[in-house]
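Shown next, in structure tokens, is the structure this report addresses.
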Amino acid sequence: MGRRPIFLLALFTSSFFAILSALAPNIYWFWVFRGLLGFGYGGSCVSDIVILAEFLPTKNRGVYLAAVDLVYSFGTVYIAVMAWIIVPQVGWRWLLVISGIPGIILVIARRNIPESPRFLLMRGRQKEATKVLIQVSECVCMCVCVCVCVCVTRLSD
């Protein structure tokens, strides 16, 4: 299995179980759903950085990856502010639903991100890797899309 399927599955898992947590009928199901969300989130933390790193040039890779890590901090503050605003108005369940929706939307957006060229080369799939590199080199938009998807995911997690 490549990096791309894990990239998509991890985000879907964390977002799906975030929304299911809001529907938990009792504390035990809430714990189960939050635990499963944690598996998705853990996978997302790793897969996001790996796939992003494999698309970035080595010259500026560290700067971009540090910027993504900064987004974690902003995401923590962002969700705390959202909780402060949303929970008193409509309750904690809506906070969980609202925080899970961007991830579901991003799963759809991430479908267009190709498998990483490095992974393809490691599997002996040179033609596919070359094709991806040509696509990326012709479309700066693809690199921006990868970065934006990773950063928005951090804010919604």
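The values are calculated or read from the model by the stated rules, or taken from the named source; none is laboratory data. In this text the structure is predicted, and so the values were computed from the model without any measurement. A quick note on method: Cβ atoms are made from the backbone with ideal geometry, for glycine too, and the neighbour counts reach across all protein chains shown.
Taking only the stretch 14-46 into account, find how many residues are of a type in the set (Ser, Thr, Tyr) and farther than 25 Å from Arg118 by Cα.
Number satisfying all stated conditions: 4.
Across the stretch 108-145, what is the total count of residues that are modelled with pLDDT under 80 and in contact with a Leu (Cβ under 6 Å, 6 or more places away or on another chain)?
The number of residues fulfilling the criteria is 1.
Can you find a residue that is within 30 Å of Gly2 (Cβ to Cβ) and either at pLDDT 85 or above or among the small types (Gly, Ala, Ser) (or both) anywhere in the stretch 71-78?
Checking the stretch 71-78: at least one residue is within 30 Å of Gly2 (Cβ to Cβ) and either at pLDDT 85 or above or among the small types (Gly, Ala, Ser) (or both).
Return yes or no: is Ile27 surrounded by fewer than 16 Cβ atoms within 10 Å (Cβ to Cβ) and either of a type in the set (A, V, I, L, M) or modelled with pLDDT under 85 (or both)?
For Ile27, the condition - surrounded by fewer than 16 Cβ atoms within 10 Å (Cβ to Cβ) and either of a type in the set (A, V, I, L, M) or modelled with pLDDT under 85 (or both) - is met.
Here's the yes/no breakdown for (1) of a type in the set (A, V, I, L, M); (2) touching an Asp or Glu at 6+ places or on another chain (Cβ under 7 Å):
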residue: Arg4; (1), (2): no, yes
residue: Ser15; (1), (2): no, no
residue: Leu20; (1), (2): yes, no
residue: Trp31; (1), (2): no, no
residue: Val46; (1), (2): yes, no
residue: Ile49; (1), (2): yes, no
residue: Val63; (1), (2): yes, no
